Amino acid sequence: MKRAVIVYRSRTGTTRRLAEEIGRFLASRDIEPRVVSVGDCDVKALSDVDFLLLGCWTSGLMIVRQHPDQPWIDFAREIPSTTVPRVGLFTTYKLATGSMFAQMRGHLAGRLPAPRLELKSRSDTLSEPNRRALERFVAGT
């Protein structure tokens, strides 16, 4: 069975619930998910998975200067270089994600393969387009 780790940083619980929803979706596709917060994740365990999804709530000035918060950035710095087959990113936001994904990719550069998935949500549920994107991500297309 393939395995996935979904690591999130949540401020109000929305990103945590979205991470759990992603985990349920992957489980329905016969992928064993592990959903864990950045504070509880052992970065050494990230190299032995088929899928790695990293998420954070969107911090910033509502419509400009979006970025992951400092605990997520600190976590990203601890990730050892690895060749996890598929990496994806996700974020929750109120008005706009702006540069959020570019910021996340920048903090991960040189540690992980380029992310193949970027999901964004204003809520804690997967939209139909996000479900289709996740389906393509796990299928490798």
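Taking the stated definitions as given, is Thr58 within 16 Å of Thr125 (Cβ to Cβ), among the β-branched types (Val, Ile, Thr) and under 15 Å from the mean Cα position of the chain (by Cα)?
no
Output the residues belonging to the stretch 94-111 that are surrounded by 18 or more Cβ atoms within 10 Å (Cβ to Cβ) and either in a loop (DSSP other than H, G, I, E, B) or among the polar types (S, T, N, Q) (or both).
Thr97, Gly98, Gln103
Test each condition in (1) acidic (Asp, Glu); (2) surrounded by fewer than 15 Cβ atoms within 10 Å (Cβ to Cβ); (3) farther than 22 Å from Arg111 by Cα for Asp40 and report the one that comes out false.
Single failed check for Asp40: (3).
Across the stretch 73-85, which residue is surrounded by the most Cβ atoms within 10 Å (Cβ to Cβ) among those that are under 27 Å from Gly140 (Cβ atoms) and at pLDDT 95 or above?
From the stretch 73-85, those under 27 Å from Gly140 (Cβ atoms) are 75-76, 79-85; that's our starting set.
Filter once more, so that each one left must be at pLDDT 95 or above: 75-76.
Working: Phe75: 20, Ala76: 22.
For the stretch 73-85, the residue satisfying everything is Ala76.
Do the conditions hold for Val35, that is, is it closer than 16 Å to Val84 by Cα, modelled with pLDDT of 95 or more, of a type in the set (A, V, I, L, M, F, W, C) and within 12 Å of the chain's Cα centre (by Cα)? Don't jump to the end; show me each part of the working.
Working: closer than 16 Å to Val84 by Cα: no; modelled with pLDDT of 95 or more: yes; of a type in the set (A, V, I, L, M, F, W, C): yes; within 12 Å of the chain's Cα centre (by Cα): yes.
So Val35 does not fit the description; no.
Quick one: is Val43 modelled with pLDDT under 95 and among the β-branched types (Val, Ile, Thr)?
Values: modelled with pLDDT under 95: yes; among the β-branched types (Val, Ile, Thr): yes.
The answer is yes for Val43.
Here are the criteria: (1) free of Cβ contacts under 8 Å to residues at least 60 places away in the same chain; (2) out of contact with any strand residue (DSSP E or B) (no Cβ under 7 Å at 6 or more places or on another chain). Tell me which single one Ser123 does not satisfy.
Just one mismatch for Ser123, condition (1).
Every residue, every condition in (1) touching a residue at least 40 places away in the same chain (Cβ under 8 Å); (2) on the phi < 0 side of the Ramachandran plot; (3) surrounded by 16 or more Cβ atoms within 10 Å (Cβ to Cβ), yes or no:
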site	(1), (2), (3)
Val35	no, yes, yes
Ala45	yes, yes, no
Cys56	yes, yes, yes
Leu89	no, yes, yes
Pro113	no, yes, no
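Among the residues that make up the stretch 15-26, is at least one of them out of contact with any helix residue (DSSP H, G or I) (no Cβ under 7 Å at 6 or more places or on another chain), modelled with pLDDT under 95, surrounded by fewer than 21 Cβ atoms within 10 Å (Cβ to Cβ) and acidic (Asp, Glu)?
no
Can you give me the number of residues within the stretch 115-134 that are small (Gly, Ala, Ser), in contact with a helix residue (DSSP H, G or I) (Cβ under 8 Å, 6 or more places away or on another chain) and at pLDDT 95 or above?
Taking the stretch 115-134 as the starting set, the residues that turn out to be small (Gly, Ala, Ser) are 121, 123, 127, 133.
Narrowing the set further to residues that are in contact with a helix residue (DSSP H, G or I) (Cβ under 8 Å, 6 or more places away or on another chain) leaves 121, 123.
Cutting the leftovers down to at pLDDT 95 or above gives us 121.
Of the residues in the stretch 115-134, 1 are small (Gly, Ala, Ser), in contact with a helix residue (DSSP H, G or I) (Cβ under 8 Å, 6 or more places away or on another chain) and at pLDDT 95 or above.
The values are calculated or read from the model by the stated rules, or taken from the named source; none is laboratory data. Since the model is a prediction, treat every value here as computed from it, not as a measurement. Cβ sites come from the backbone with ideal geometry, for glycine too, and all protein chains shown count toward neighbours.
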